[in-house]
Amino acid sequence: YVNKDANALGCWLWTGSRNNNGYGRFRLSRFRKRQRTVLAHRFAYEQVNGPIPDGLVVDHTCHNRHCVNPNHLRLVTNQDNCQNRGGLSPNNTSGFNGVSMHHGRFQAQINLDGRTVHLGYFATAEEAGAVAAEARRRHYNLADIRKDKA
């Protein structure tokens, strides 16, 4: 149920059943009476890295809930997962999280504790994106964010 060739970003797309939130799922059992539903991305992570410790969740660095590529999965706290969850907003025109055009310059910003923190203005979207990504790493303790460009 995995298509490893469908996505140019390297995502391995789950093609089987999905839950209401869009995550791949399947029934796992050694015996018929002991079946349980498991989430495909969590299963993929555990097959490569071992058990998921209590208090941590599996985050998709690619922002693709259908992805089960272990290289796109990492352990984070629930708070960190919430900070990384959104990916690019539908109206983003810069191609980078936290970067928008403002009076002819690229403005970088992050959300921190419910407030917007402005990080400055930059000549290029790439420069602003790098500053925003570094600020998220520092403030959210995200150890391994892939490039924020989609």
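Mind checking which residues of segment 10-25 are assigned to a strand (DSSP E or B) and either within 7 Å of A40 (Cβ to Cβ) or open to solvent by less than 20 Å² (accessible area, probe 1.4 Å) (or both)? Quick ask: steps written out before the conclusion?
Residues of segment 10-25 assigned to a strand (DSSP E or B): 13-14, 18, 24-25.
Result: W14, G24, R25.
Of the strands (runs of 3 or more DSSP E) lying entirely inside segment 36-150, the ones with 2 or more residues being more than 27 Å from N3 (Cβ to Cβ) and modelled with pLDDT under 95 are found at 99-102, 105-112, 115-122. For R30, the conditions (1) at pLDDT 90 or above; (2) assigned to a loop (DSSP other than H, G, I, E, B) all hold with the exception of (1).
Across segment 26-47, the number of residues qualifying as under 18 Å from the mean Cα position of the chain (by Cα) and open to solvent by 60 Å² or more (accessible area, probe 1.4 Å) comes to 3.
The values are calculated or read from the model by the stated rules, or taken from the named source; none is laboratory data. Computed from a predicted model, the values in this text were never measured in an experiment. We place every Cβ from the backbone using ideal geometry, glycine too, and count neighbours over all the protein chains shown. All accessible areas refer to the heavy atoms of the entire protein, side chains included, with ligands and DNA or RNA removed. Shrake-Rupley method; radii C 1.70, N 1.55, O 1.52, S 1.80 Å.
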